[in-house]
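Since the structure comes first, as C-alpha cells, the remarks are kept for the end.
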Amino acid sequence: MSRSARDLFHEHYGGAPEFIVRAPGRVNIIGEHTDYNQGFVLPMAISAATYLAVGPRSDERIDAVAADLGRQGAITLTDFDWDLSEPWLDYITGVAKELSAMNCPLSGANVVITSTLPIAAGLSSSASLEMAALKMFEAMSGFSLEDDEAAHLGQRVENEFIGVNSGIMDQYVIRTAREGHALFLDCRGLEIEHVPVTFQEAMFVVTHTGVERGLADSGYNERVADCGDASEHLARALGRERPSSLREFTVAELDEVRETMRDQLYRRARHVLTENVRTIEACKAMKKGNAETLGALMNASHASLRDDYEVTGPALDAMTEIARTLPGCYGSRMTGAGFGGCAVSLTAKDGAQEFAESLMKAYKERTGNEGVTLLSDPAGGVSAVPC
Ligand code: GLA
C-alpha cells in the first residue's frame, strides 16, 4: 500500500515524496470502555494501516488528497477551522492546531493519504490518521513528542476538535505498539507493558460485521456520561470524596450500594469494574500462552458489553455467537466502541482461514450482511520512512 501512496503522490504532485508515514489500526483484545474510566486495556496494533506520502512545501499550506475517498482539500497552518465539506481533513487540522498551541514549528506539505483500514469499523481509523499526521509534522520539523504527550494530543483532538469524549487507548497503542506484542496499559498512570503474543496454537482473527458506526452520533458520549454519573453516585452513597473515575471503586463496593442506584447505572458501572478485573486476568493468561482462559474471558467480556453496557447490537451478537460454535474457537467478542464494527476471535492457528470463511458464510446466511475478514499478527506502531 505504501507503494501506491508513493505512486499516487507522483501522479498528483509530480516527483517523489520525501517520506512515507505508516500508522497502524488497532484491535482491542479486551478492556472495553474502560480507558475513559482510567482502567485497564489490552489492545494490539494490526497490519491494516493509514499511509501518508509526504513532500514538503515552502509555504504554510497542507494540500492533501484522500485517495480512497476521491477527495482533496487544503489547510492553512494559521487557521484551524473545521472543514464541513471535507470532514476527514479535521483530523489533520486538529493535530496542527494542538501543535501550534504547544508552539511546535509547523511546515507545509503535499500529502497523499491511502488506507487499508475500513472506516467506522472500530479499528481506529481516526486515531490512526491523527497519529500519522503528528508523525508527519514531527518528521518535517525535526521535533519529537514523548509518547504520553503524543497520545494525549490525539485524545484532545478527539475530545475538543471532533467532539467525541474518547479515552487514550487508541492513540497510545498506535504510537507505541511493538511488533509481536500486545500493549497492557493502565490508563490512570499510563504505565505500560509490552506483552508478547506467543500462543503456540492460537491466533486472533478480526471480522467486520459490515455495519458501520460513527462515534460522534452513537451512544458513545452517553456511556461516558453514565460512567461519570455512576462514580458520583458511588462516592455519595459510600461517603467518599468526589471521585475522579470509576477506577476508584471495587465490585464489592458497587454491590454494597446497589439498592440505592438506578438499575441501568448499576449495570454500566458493573461492566466497567468487572472488565477491569477481566483485563488483568487476560494479561496473565496471555503471558502464560493460555488460550482457553483468555477465550473464556473474551466471551465474558462480550456478555457484559451486551447485557450491562448495551453496546453490541444484533450484528455483533450474531457474529460472535456463530464464531463460538465453530471448531477451534477459544472465544469471541466485539472490539472497539461497539454499535457495529468488528469482532475479534481467538481461534486455532491451524484452520484459522477455514474458521474465517465458515464464519463469514454463516454470518451472511443469518444476517444478510457481507462481513470482511482481517488476519493480522500484532504489528508495530507509527513510523516514518524516508523515500
Ligand atoms: C473507542 C474509543 C476508545 C475506547 C473504545 C472502547 O475506540 O476511541 O478510547 O473508549 O472506543 O473501549
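The values are calculated or read from the model by the stated rules, or taken from the named source; none is laboratory data. The structure presented is a predicted model; accordingly, all values stated were derived computationally and were not measured. Here the Cβ is made from the backbone with ideal geometry for all residues, glycine too, and neighbour counts use every protein chain on show. Just so you know, the surface numbers come from the protein's heavy atoms only, side chains and all, with ligands and any DNA or RNA stripped out. Shrake-Rupley method; radii C 1.70, N 1.55, O 1.52, S 1.80 Å.
Things worth noting here:
- When 158, 193, 179 are checked against the criterion of being open to solvent by less than 40 Å² (accessible area, probe 1.4 Å) and charged (D, E, K, R), a single residue qualifies: 158.
- Subset of the range 21-55 (residues that are over 21 Å from residue 182 (Cα atoms) and either within 15 Å of the ligand (Cβ to nearest atom) or open to solvent by 10 Å² or more (accessible area, probe 1.4 Å) (or both)): 51
- Look at (1) of a type outside the set (A, V, I, L, M, F, W, C); (2) in contact with a strand residue (DSSP E or B) (Cβ under 9 Å, 6 or more places away or on another chain); (3) open to solvent by less than 10 Å² (accessible area, probe 1.4 Å); (4) within 16 Å of the ligand (Cβ to nearest atom) and you find that residue 207 fails only one, number (4).
- The strands (runs of 3 or more DSSP E) located wholly in the range 306-387 that include 2 or more residues which are without any contact (Cβ under 8 Å) to a residue 60 or more places away in the chain occupy 329-335.
- Condition broken by residue 167, with the remaining ones in (1) without any contact (Cβ under 8 Å) to a residue 12 or more places away in the chain; (2) within 13 Å of the ligand (Cβ to nearest atom); (3) part of a loop (DSSP other than H, G, I, E, B) satisfied: (1)
- A single entry from 340, 331 fulfils the requirement of being farther than 16 Å from residue 294 by Cβ and open to solvent by less than 10 Å² (accessible area, probe 1.4 Å): 340.
- Of the strands (runs of 3 or more DSSP E) lying entirely inside the range 20-93, those carrying at least 2 residues that are of a type in the set (D, E, K, R) are 61-66.
- Residues within the range 360-372 that are open to solvent by 50 Å² or more (accessible area, probe 1.4 Å) and within 25 Å of the chain's Cα centre (by Cα), tallied: 2
- Only residues that are in contact with a helix residue (DSSP H, G or I) (Cβ under 6 Å, 6 or more places away or on another chain) and either open to solvent by less than 10 Å² (accessible area, probe 1.4 Å) or not in a helix (DSSP H, G or I) (or both) were counted across the range 117-136, and they come to 9.
- Here the condition is being hydrophobic (A, V, I, L, M, F, W, C) and either within 14 Å of the ligand (Cβ to nearest atom) or under 13 Å from the mean Cα position of the chain (by Cα) (or both); of 139, 121, it holds for 121 alone.
- Residue 270 meets the conditions (1) open to solvent by 60 Å² or more (accessible area, probe 1.4 Å); (2) more than 22 Å from residue 188 (Cα to Cα) in every case but one. The failed one is (2).
- Screening residue 326 against (1) away from the ligand (no atom under 16 Å from the Cβ); (2) open to solvent by less than 10 Å² (accessible area, probe 1.4 Å); (3) of a type in the set (A, V, I, L, M) leaves a single unmet condition, (2).
- Flag if residue 86 is in contact with a Gly (Cβ under 6 Å, 6 or more places away or on another chain), in contact (Cβ under 8 Å) with a residue 12 or more places away in the chain and open to solvent by 40 Å² or more (accessible area, probe 1.4 Å): no
- From the options 263, 307, 317, residue that is in contact with a Lys or Arg (Cβ under 7 Å, 6 or more places away or on another chain), open to solvent by 10 Å² or more (accessible area, probe 1.4 Å) and modelled with pLDDT of 95 or more: 317
- Residue selection: residue 7 satisfies the criterion of being more than 16 Å from the ligand (Cβ to nearest atom), open to solvent by 10 Å² or more (accessible area, probe 1.4 Å) and farther than 25 Å from residue 105 by Cα.
- Condition met for residue 275 (surrounded by fewer than 23 Cβ atoms within 10 Å (Cβ to Cβ) and at pLDDT 95 or above): no
- Within the range 96-114, the set of residues being part of a loop (DSSP other than H, G, I, E, B) and not polar (S, T, N, Q) comprises 102, 104, 105, 106, 108.
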